[in-house]
1. Test of understanding: among B:VAL225, B:VAL180, which residue is away from chain A (no Cβ under 11 Å) and outside any helix (DSSP H, G or I)?
2. Every residue in region B:284-295 that is of a type outside the set (Phe, Trp, Tyr), touching a helix residue (DSSP H, G or I) at 6+ places or on another chain (Cβ under 7 Å) and facing chain A (nearest Cβ under 7 Å), please.
3. From B:LYS298, B:LYS281, grab the single residue that is within 11 Å of chain A (Cβ to nearest Cβ) and open to solvent by 10 Å² or more (accessible area, probe 1.4 Å).
4. Only one of (1) in contact with a Phe, Trp or Tyr (Cβ under 6 Å, 6 or more places away or on another chain); (2) within 24 Å of A:GLU142 (Cα to Cα); (3) facing chain B (nearest Cβ under 10 Å) fails for A:SER83. Which number is that?
5. Could you list, in sequence order, the residues of region A:28-48 that are closer than 21 Å to B:THR232 by Cβ, buried (at least 19 other Cβ atoms within 10 Å of the Cβ) and within 12 Å of chain B (Cβ to nearest Cβ)?
6. Mind listing just one residue for me: the one in region B:314-339 that is in contact with a helix residue (DSSP H, G or I) (Cβ under 8 Å, 6 or more places away or on another chain) and within 20 Å of B:VAL459 (Cα to Cα) and, of those, most open to solvent (accessible area, probe 1.4 Å)?
7. How many of the residues making up region B:342-356 are crowded, with 21+ Cβ neighbours inside 10 Å and part of a strand (DSSP E or B)?
8. Here are some residues: B:GLY171, B:GLY190. Which one is modelled with pLDDT under 95 and open to solvent by less than 10 Å² (accessible area, probe 1.4 Å)?
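The values are calculated or read from the model by the stated rules, or taken from the named source; none is laboratory data. Keep in mind that this is a model prediction, so the values were computed, not measured. Note: ideal-geometry Cβ built from the backbone for every residue, glycine included; neighbour counts use all protein chains shown. Areas reflect the complete protein model, heavy atoms only, side chains present, ligands, DNA and RNA absent. Shrake-Rupley method; radii C 1.70, N 1.55, O 1.52, S 1.80 Å.
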Amino acid sequence: MFKIIKAEFIAPGIKRFVLEAPRIARKQKPGQFVILRIYEEGERIPVTIESSDPARGTISIVVQSVGKTTQMLNSFNSGDCISDVVGPLGKPSEIEKFGTVVVVGGGVGTAMAYPSAVAFKKIGNRVISIVGARNKELIIFEQEMRAVSDELLITTDDGSYAKKGFVTDELRQLIESGRQIDLVLAVGPIVMMKAVAELTRKYNIHTVVSLNPIMIDGTGMCGGCRVLIDGKSQFACVDGPEFDAHKVNFEVLVQRNAMYREQEQRSLAEYQRSKAAPSSVNAEHEACAGAPGGTR
Amino acid sequence: MSPTASKSLNPLSPKERIKIPRQPMPEQPPDVRNKNFNEVNLGYSEELARQEARRCLECAKPTCTENCPVGVDVTAFVELIVAGDFLGAAAKIREANVLPAITGRVCPQEDHCEGKCLLAKKVKPLGIGYLERFVADYEQRRGTHVLPKVPPTGKKVAVVGSGPSGLTVAGDLIQKGHKVRVFEALHELGGVLVYGIPEFRLPKQIIREQLDYMREMGVEFETDVVVGRTVTIDELMNEEAYDAVYIGTGAGLPQFMGIPGEHLNGVYSANEFLTRINLMKAYRFPEYDEPMLDLHGKDVAVIGGGNTALDAIRSALRLGAKKAYVIYRRSDAEMPARAEEVHHAKEEGIDFQMLTAPVEFLSNGKGWLTGARCVRMELGEPDASGRRRPVPIKGSEFDLPLSVAVMAIGTMANPIVQSTTPGLGTDKRGYIMADSEKQRTTRKGVFAGGDIVTGAATVILAMGAGRRAAASIHEYLTTGVW
């Protein structure tokens, strides 16, 4: 049982949770993730850790409502419990003094790129952040990113805030202006990460992306998260989740992530139907009755 | 090795014993069980058990016990069954084996106790596995295990992994008075017993009962801890003050063949396929959230010939597969799966394509699997494993239509613990080095055993390693001698 200490929507459909997870809080490094199983019948899903507070024994995650699990999780509030939180998993981001690092965050990916931006800045890099979303309401972590960036560029697809366009438009302008860029880290939707990779490949700028394939155990046991890197099979959970963007086969990632689309839609539809039913009892929330952490 | 029936509780003469046929295990009919996940074997009745037990020749030098990786005193427990003292028989087994209800179901007895049974020279071997299962289940139904009372030693042991070897270590050490805490990476305890072995071969309830028994004895369990990530071995020893650590993290990363098409949707590793079904209960989707591909009316194949392969394909059949194939590159004789499982699988209608291997997975052009291009093999000279090497027959390629293919061709070492524990020696394949006598690693106070040392093996071999490790951990904790 992992207790939710704080839960608040930071944008429509995007919720930030602070969870009691002292073991994970002590060990978390930027770029790592946790696997959640939110209730007894739940699936296991990977979520990048946004930050941790070892002194308080808490970690923070940011979750966007997409399918049944994320919608259900986003109905949880402080005081509720999550059945299982395991981590920190995956290799941490390689944080070095590269020179100038461009951190690109798309949508909820901004929260996941944030800890790396903090670390890049702390070690002495010049950090330029580009944050994008569909519209103004979905721009998250603006203040946080501004605080750790030497420059912050914002785009919205519909132009409702800052510059109209895509993060790649800003990145292209930066590159074409002749600025020295030593590393690009891009975290966000696969289409965005792919577009960033294609852009920087032309200029031979080292680029890292954080991949989000379907996972179960997250420890290398099941092989479900295999991704094609430079033509070779790698497991995102133990070999990643960050990879050299220019070596990633994004088509295979998109194809494999669509494997259960039919089931995901059915699951979501049934969840929404059950929620709408007047007789339904909201029994999904875990009572925090069990022992804390993984004690069983 | 002469039978010594004189002082036995068994009144029958050796001749009379040999005349009794091996008592068959009652089981669900094949055409019923291939549609459900209930256990295939139903277990002996008391009468069947006593009748089977009467067959034991009670050898003076029992080769069954000599060939048991955990050293169960077979003749003694079988004699107690003859006498009707089933609880006594259970206690006798428990002296050597903390998980009898599990080994009674999944141990390859033909390779160990039953394979060396003297009866097997003339007739069928004694049903030692069936008898073990019977007394373990009897004890469970009576709910009367005897809890050993031991004074605490004040020593603390961390066990990494709650699979068969870790549970054996925990069960043995708690009975020596040490404090034991087991760390498990997944949300459920049991390791491969839970995520790997299907319900129809080992019901989860059996594992839960064994775990409850261990809790009663005082073993502590913590799930959701990936040792190496959530906490390191050094942190366990230095910050959490464990006096010794046992690493039993089990089989690791699934292997793929490296042939074209392995990334297609529809190609699974056996670990993923079985984890979705067993651990995540994806077959009960949407009641459970974890999805899996719908197998109803589909053609499914597993590639490989081990127990994992059979577990996967027999699960596929139960989930509605129209055709269910085992594709194995060698012949029947080389198949590593347990004889009983192969027999059961054939009865259930699994199609065995022996001496066959896929060379490519075929797609519909949209990323989904449609079939496997296979080649027939013939056996050539023996290879490093001593088994005859399969050699492709030129021109024998054929296409097998498939919706789902499951790769069950083995595993590689999971590197998480090794890479985060300085000074922990590994072999060239990445497995942890531990001496085979005492299971000691290259780090003082750190022991290891099971698949993370040997590579993929069996439940009972992992338990054997656990038993050796527990004895040597106890010795280390009490003498301080490494």
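1. Working: B:VAL225 fails: away from chain A (no Cβ under 11 Å).
Being away from chain A (no Cβ under 11 Å) and outside any helix (DSSP H, G or I) holds for just one of B:VAL225, B:VAL180, which is B:VAL180.
2. B:PRO286, B:ASP289, B:GLU290, B:PRO291, listed by residue number.
3. B:LYS281
4. For A:SER83, the failing item is (2).
5. Selection gives A:GLN28, A:GLN32, A:PHE33, A:VAL34, A:ILE35.
6. Checked region B:314-339; the qualifying residue most open to solvent (accessible area, probe 1.4 Å) is B:PRO336.
7. 1
8. Just a single option satisfies the conditions, and that option is B:GLY171.
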